[in-house]
1. May I ask you to derive the relative contact order of the stretch 383-435, considering only C-alpha pairs under 8 Å and at least 6 residues apart, and to give it as an integer percent?
2. Which distance in nm do the two modelled labels at His383 and Thr130 give, with both placed 7 Å along the Cα-to-Cβ direction?
3. Over the stretch 266-376, what portion of Cα pair distances is larger than 16 Å, expressed as a whole percent?
4. How many Å³ per residue does the convex hull of the Cα positions in the stretch 330-389 occupy?
5. Could you pull out the pairs from Lys32/Lys348; Lys234/Lys364; Lys234/Lys348; Lys117/Lys364 whose alpha carbons sit more than 26 Å apart here?
6. Can you compute log10 of I(q)/I(0) for the stretch 398-499 with the Debye formula, treating each Cα as one identical point scatterer, at q = 0.11 Å⁻¹?
7. Can you give me the % of accessible surface on the stretch 398-499 that is carbon or sulfur? Probe 1.4 Å, all protein chains present, nothing else counted.
8. Starting from the Cα-Cα distance between Thr7 and Leu99, subtract it from 0.36 nm times their residue separation and give me the gain in nm to one decimal.
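The values are calculated or read from the model by the stated rules, or taken from the named source; none is laboratory data. Remember, predicted model here, so these are calculated numbers, not experimental data. Note: ideal-geometry Cβ built from the backbone for every residue, glycine included; neighbour counts use all protein chains shown. Accessible surface is based on the protein model in full, side chains and every heavy atom, while ligands, DNA and RNA are left aside. Shrake-Rupley method; radii C 1.70, N 1.55, O 1.52, S 1.80 Å.
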Amino acid sequence: MTGEAGTYDVIVVGGGVNGTGIAMDAAGRGLKVLLCEMNDLASATSSRSSKLIHGGLRYLEHYEFRLVRQALAEREALLANAPHIMWPLRFRLPHQPHLRPAWMIRAGLFLYDHLAKRERLPGSRSVTFTSDDPLKPGITRGFEYSDGWVDDARLVVLTARKAEDLGATILTRTRCVRAERGSDTWQVTLQDTCTGDSRVVHTRALVNAAGPWVSSLFGSTMDQQPPRMIRMVKGSHIVVPRLNRDSEAYILQNEDERIVFVIPYEDHFSLVGTTDVDYEGNPAEATISDEETDYLMAIVNHYFRHQLTPEDVVWSYSGVRPLMDDEEGSAQKASRDYSFEVDAPDGKTPLLSVFGGKLTTFRKLSEAATDRLCQFFPSAGGHWTRTAVLPGGDFDDHPQLQAALQKRYPWLPELLVSRLVRCYGTDSYRLLGASESLDDLGQHFLGTLYQREVQYLVRHEWAVTAEDILWRRTKQGLYATRRDVETLDRWLQSQQELTGLRHATPG
Ligand SMILES: Cc1cc2nc3c(=O)[nH]c(=O)nc-3n(C[C@H](O)[C@H](O)[C@H](O)COP(=O)(O)OP(=O)(O)OC[C@H]3O[C@@H](n4cnc5c(N)ncnc54)[C@H](O)[C@@H]3O)c2cc1C
């Protein structure tokens with residue numbers, strides 16, 4: 001937008017939901033943007049969440065009304081902008097009188113229903129459980145309310161795609177190793193983590209959206225003390241064979257005042273989480289402990305007829321929440337709100353750092369962050385993201401799109417059609433192109449994954465490794481054997497050698 005070629009207006013460090021959100025918003029306002037991510041998009045916290053678009057019922061107990069109101073208001077905007085990767089989810093809350101009294105839950109749900117405008121989602125109500133429910137026979141009463149579900153990793157990738165469509169440069173496998181403030185610009189050194197090659201780029205504003213690395217980035221790249229610290233809190237999930245009978249999720253209260261979700265997951269599974277454990281290691285290396293697995297299984301086993309054992313755990317993952325360090329006692333009580341630090345000592349060359357946040361509030365956070373940046377770019381545009389549809393999200397109704405795709409490609413297996421709609425929405429047409437039979441989809445790797453989709457992910461979604469494809473662009477990893485993974489990785493490598501298909505690094 002401004003100035004000489006080669007100098008960016010904004011460089012964003014971090015390809016999680018907040019970094020890509022800011023890159024998209026800023027690019028849409030006409031700024032020249034580059035985003036660097038040291039690994040794959042969403043490879044850290046943003047693919048390891050509970051995947052809920054929610055106000056956070058339990059935050060009401062901590063009087064976080066501002067956060068809950070803002071998050072509730074965001075739910076419907078997000079659901080409208082990306083209906084392929086997000087959808088409404090109904091939660092059932094079994095009532096245990098000795099934990100929270102019914103009046104308290106009713107009051108909380110009343111607030112939850114009314115704190116923000118709600119058009120798409122039905123309100124809460126009392127429910128009676130019967131033998132059709134998977135709960136133990138003694139559990140007969142409870143409540144129901146609405147929130148939303150999101151494929152967190154795909155949210156990040158599609159936000160990055162939208163940013164790229166608007167002119168942003170997205171560099172994955174590119175680490176910011178040095179950032180030095182000059183009189184007019186930042187000089188930023190980027191290193192390709194595959195080849196080790198470095199290059200220097202210049203920018204008028206720098207954004208630190210490094211999530212759990214936000215504080216350490218100050219020391220590692222700028223030789224500076226961070227203006228504030230974050231509190232790293234690990235949360236883990238287990239995936240088990242389907243416990244939910246239908247499309248409803250469960251929210252289970254525990255004796256320690258925590259809650260645990262049991263969410264229908266990927267056709268055949270349930271996702272159970274999460275925990276809250278203070279964490280000090282490398283955020284990229286967080287894994288579930290035996291205690292966390294036992295904790296999650298014990299809560300499920302308290303409520304559900306089916307009794308889980310460690311053998312039921314098909315997959316687990318852990319993420320590190322980069323929370324604002326408000327020195328609250330327990331990890332679960334630390335605020336999930338966000339804040340910014342803007343450092344611009346010379347009245348220009350600003351550094352904006354993001355602390356905290358939630359998936360649910362990423363659009364609002366990105367808008368507010370870009371507003372702060374735009375103080376330094378007076379000719380930049382105004383707010384635009386509230387109704388911005390993400391790639392593939394230009395439709396209203398899943399069954400309708402599924403039927404239309406099935407009509408156009410009658411030979412497609414039903415499971416594959418429904419997965420394509422949930423991953424790519426209307427971009428499924430682009431992915432399938434002129435294919436006329438299953439053979440046209442090329443090599444079958446595993447589950448419902450064929451060569452044509454893999455090629456699409458490499459070309460259009462920055463996928464490089466089997467892990468990118470099996471765990472972040474899709475969840476086909478749930479069905480993959482070790483041999484499947486090796487075969488896919490070998491195929492990807494051979495293609496990269498053959499065609500240099502890796503997303504190009506700009507010269
Ligand atoms: C267990 C758990 C459950 C959660 N559940 C929910 C939920 O249900 N709903 C909800 O709304 N929120 C939820 N959250 C919160 C939400 O996931 C996070 O707030 C959000 O993902 C943080 O995104 P981020 O972009 O700030 O960080 P990240 O996703 O961690 O992104 C930061 C990125 O910066 C990159 N990076 C770091 N240093 C460098 C460098 N030097 N150069 C280049 N790149 C760098 C990292 O590789 C990383 O990808 C949950 C979080 C956890 C951990």
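1. Values: 30 pairs, mean separation 23.6, N = 53.
It rounds to 45 percent for the stretch 383-435.
2. With each label point 7 Å from Cα toward Cβ, the separation is 4.6 nm.
3. The calculated P(r) of the stretch 266-376 puts 71 percent of pairs beyond 16 Å.
4. Taking the convex hull of the Cα positions in the stretch 330-389, it is 89 Å³ per residue.
5. In this structure, Lys234/Lys348 lie more than 26 Å apart at Cα.
6. With no solvent term, the Cα-only Debye profile gives -0.31.
7. Values: 2330 of 4720 Å².
Using a 1.4 Å probe with all protein chains present, the stretch 398-499 comes out at 49 percent carbon and sulfur.
8. On the way: separation 92, 0.36 × 92 = 33.12 nm, distance 5.77 nm.
In short, 27.3 nm is gained.
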